[in-house]
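Novice: Take a look at this one; I'll ask things after.
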Amino acid sequence: HPDVVEEALRIYPGRALVNSISLEPEKFERLLPAAKKYGAMFILLPLSEKGLPKNIEEKKEIVHTVLDEALRQGLVKDDVIVDGLVATVGANSKAAVETLETISYCKNELGVATVCGLSNISFGLPERMFVNSSFMAIAISHGLTMAIANPSQDLLMHAVFAADLLMDKPEADNRYINRVTEHKISVLSGEVDTGTVTLKPGSSKGGLETEITGDMLFDAVVKGKQNKIEELARSALENGRDAQDIIDKSLIPAINHVGMLFDRQIYYLPQLISSAETMEKGINVLEPVLKKNRSKESLATIVIA
């Protein structure tokens with residue numbers, strides 16, 4: 001009820017997300033001003049007083065009406081998340097296609113975020129995990145921002161990480177590899193075992209650890225922390241550590257360790273490349289200091305008789 005939502009917004013200590021505001025008169029007229037007043041985001045549900053939209057065009061019209069009024073009242077597009085309104089494909093063969101079209105339209109034409117209740121798509125069907133994971137991957141490719149889903153389902157989460165990888169999202173390669181190596185899925189006799197198996201560092205690959213403690217520079221290279229290595233290198237220099245010592249005792253041993261992990265198939269090509277690029281960034285910080293130190297070195301005197 002709008003009264004309850006507004007009271008909750010009044011006392012909520014952070015930025016709230018209202019679920020949801022539709023074209024139903026009471027919600028439309030009362031909750032938009034409340035969202036603006038209390039700085040809340042909201043999920044735009046494409047429903048009206050008539051109920052579910054009959055087709056994609058009616059759905060777009062509802063989205064436009066609510067979005068335009070929200071913008072008129074001073075909200076911005078970043079405040080709005082459109083619900084794709086997922087129906088079960090078991091009852092409507094076009095349910096997935098219509099939701100995907102809505103997602104694409106919101107991303108490409110309106111520039112707003114989207115969400116969907118993922119499992120609705122497979123309601124009433126057998127082996128729902130396959131439908132859910134496939135739909136999730138396709139929806140991500142169409143621009144889906146977020147989903148209401150069960151993160152404990154490994155098959156579904158693997159599909160999410162794989163979709164990010166194929167969509168060339170930042171650091172998706174390392175995140176995918178970490179995900180699938182830490183959460184194994186076994187396929188035996190046509191059955192999928194989605195039990196979680198955690199690969200402990202060094203437990204089955206000849207004792208080579210992938211988790212490093214102590215030397216933060218070493219750890220940064222091994223883990224491919226490209227956004228941390230430059231800061232760590234500068235900090236080490238400021239604390240009096242010699243630049244050549246950093247290379248000889250931290251960076252080179254780290255990249256050698258990564259090579260061993262790659263040889264043992266604990267690490268894969270994206271991780272190898274990421275570690276190499278991390279080391280390069282670290283050396284770029286150290287190189288000016290090395291050149292400066294070399295210029296100060298006194299050269300030996302050679303006497304030719």
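Only the coordinates and a few stated rules stand behind these numbers; no lab work does. Because the structure is a prediction, the values reported are computed rather than measured. Note that we place each Cβ from the backbone using ideal geometry, even for glycine, and neighbour counts take in every protein chain shown.
Novice: Taking the Cα centre of region 216-296 as the origin, how large is its charge dipole in debye, to the nearest 20, when only Lys and Arg (+1) and Asp and Glu (-1) carry charge on their Cβ atoms?
Specialist: Details: 12 positive and 11 negative charges, 33 e Å.
Using only the charged Cβ atoms, the result is roughly 160 debye.
Novice: Kindly identify region 75-171 as rounded, prolate or oblate by the Cα gyration tensor criterion: order the square roots of the eigenvalues as a ≥ b ≥ c, call it rounded if a/c is under 1.5, otherwise compare a/b with b/c, prolate if a/b is larger, else oblate. Write down the numbers at each step before the final one.
Specialist: Numbers: a/c = 1.90, a/b = 1.23, b/c = 1.55.
Note, shape of region 75-171 comes out oblate.
Novice: To the nearest 20 debye, what charge dipole does the chain have about its Cα centre, counting +1 at the Cβ of each Lys and Arg and -1 at the Cβ of each Asp and Glu?
Specialist: On the way: 33 positive and 42 negative charges, 102 e Å.
The calculated dipole for the chain is roughly 480 debye.
Novice: While we're here: What would the Debye formula give as log10 I(q)/I(0) at q = 0.07, 0.11, 0.14 Å⁻¹ for the alpha-carbon point model of the chain, no solvent?
Specialist: Computed log10 I(q)/I(0) values: -0.46, -0.87, -1.06.
Novice: Here's a follow-up. As I understand it, the dipole of the chain uses +1 on the Cβ of Lys and Arg and -1 on the Cβ of Asp and Glu, about the Cα centre. Which of Phe262, Cys106, Gly90 lies farthest toward its positive end?
Specialist: Of the candidates, Phe262 comes out farthest on the positive side.
Novice: For region 82-100 and region 1-67, write down the distance between their C-alpha centroids in whole Å.
Specialist: Rounded to whole Å, the Cα centres lie 21 Å apart.
Novice: Quick one: plug the Kirkwood hydrodynamic radius of region 216-296 (C-alpha pairs) into Stokes-Einstein at 37 °C, 0.692 mPa s, and report D in µm²/s. Walk me through the numbers before you get to the answer.
Specialist: Working: Rh = 12.7 Å.
Approximately 259 µm²/s, per Stokes-Einstein.
Novice: Is the shape of region 70-117 best called rounded, prolate or oblate, per the rule: a/c under 1.5 gives rounded, else a/b larger than b/c gives prolate, else oblate, with a ≥ b ≥ c the square roots of the Cα gyration tensor eigenvalues?
Specialist: Numbers: a/c = 3.53, a/b = 2.43, b/c = 1.45.
Verdict is prolate for region 70-117.
Novice: For region 290-295, what does the Karplus curve 6.51 cos²θ - 1.76 cosθ + 1.60, with θ = phi - 60°, yield as ³J(HN,Hα) per residue in whole Hz, taken in order and with x for Gly and Pro?
Specialist: With coefficients 6.51, -1.76 and 1.60, one gets 4, 5, 5, 5, 5, 5 Hz.
Novice: Order these by the 10 Å Cβ neighbour count, fewest first: Lys36, Lys27, Lys292.
Specialist: Numbers: Lys36 15, Lys27 22, Lys292 10.
Least to most surrounded, the residues fall as Lys292, Lys36, Lys27.
Novice: Let me ask something else about it. Quick one: which residues, 5+ away or cross-chain, put their amide H under 5 Å from the amide H of Lys184? H built at 1.01 Å from N.
Specialist: Under 5 Å from the amide H of Lys184 lie the amide H atoms of Val197, each far enough along the sequence or on another chain.
Novice: May I ask you to list the aspartates and glutamates whose Cα is less than 16 Å away from that of Lys225, ignoring any residue fewer than eight positions away on the same chain?
Specialist: Output for Lys225: Glu171, Asp173, Glu211, Asp215, Glu277, Glu280.
Novice: Quick one: Cα convex hull volume of region 8-91, Å³ per residue? Could you put the intermediate results ahead of the total?
Specialist: Values: hull volume 8.5 nm³, N = 84.
Given the Cα convex hull of region 8-91, per-residue volume reads 101 Å³.
Novice: Here is a follow-up. Using only helices, what value at 222 nm comes out for the chain when you add -39,500 (n - 2.57) per DSSP H run of length 4 or more and divide by the total residues, to the nearest 500 deg cm²/dmol?
Specialist: On the way: 12 runs with 152 residues, N = 305.
Estimated from H runs of four or more residues: -15500 deg cm²/dmol.
Novice: Taking the beta-carbon count within 10 Å as an exposure proxy, list Arg175, Arg15 from fewest neighbours to most.
Specialist: On the way: Arg175 16, Arg15 11.
Sorted ascending by nearby Cβ count, the order is Arg15, Arg175.
Novice: Also, I was wondering about something else. Quick check on the chain: of the DSSP beta bridges with both residues there, what percent are antiparallel, nearest 5%? Intermediate results must be reported in sequence, preceding the final value.
Specialist: Details: 4 of 17 bridges.
The antiparallel fraction comes to roughly 25 percent.
Novice: So which of Lys223/Lys291; Lys77/Lys107; Lys228/Lys281; Lys27/Lys59; Lys60/Lys107; Lys50/Lys107 end up more than 20 Å apart by C-alpha?
Specialist: Too far apart for the 20 Å limit: Lys223/Lys291; Lys50/Lys107.
Novice: HN-Hα J couplings of region 3-17 from phi, Karplus 6.51/-1.76/1.60, θ = phi - 60°, integer Hz, Gly and Pro as x?
Specialist: These are the phi-based 3J(HN,Hα) values: 4, 5, 4, 5, 5, 5, 4, 5, 9, 5, x, x, 8, 8, 10 Hz.
Novice: Once Lys and Arg get +1 and Asp and Glu get -1 on their Cβ, which of Ala149, Ile185, Ile229 lies farthest toward the positive end of the dipole of the chain?
Specialist: Positive-end residue among those listed: Ile229.
Novice: Follow-up. Which ordering of Met157, Met260 is given by a fewest-first count of other beta-carbon atoms within 10 Å? Mind showing how you got there, number by number?
Specialist: Values: Met157 20, Met260 13.
The most exposed by this proxy come first: Met260, Met157.
Novice: Hey, another quick one. Please find the FRET efficiency linking Asn256 to Glu101, where r is the Cβ-Cβ separation and R0 is fixed at 41 Å, and quote it to the nearest 0.05. Show your work: numbers first, answer last.
Specialist: On the way: r = 51 Å, r/R0 = 1.25.
So the FRET efficiency works out to roughly 0.20.
Novice: For region 242-259, in order, what is each residue's ³J(HN,Hα) by Karplus, 6.51 cos²θ - 1.76 cosθ + 1.60 with θ = phi - 60°, in whole Hz (x at glycine and Pro)?
Specialist: Calculated HN-Hα couplings, in order: 6, 4, 5, 5, 4, 5, 6, 10, 10, 6, 5, x, 5, 5, 5, 5, 4, x Hz.
Novice: I've got another one for you. Please find the FRET efficiency linking Arg15 to Asp68, where r is the Cβ-Cβ separation and R0 is fixed at 22 Å, and quote it to the nearest 0.05. Don't skip to the end; give the middle numbers.
Specialist: Values: r = 23 Å, r/R0 = 1.03.
The formula returns an efficiency of 0.45 here.
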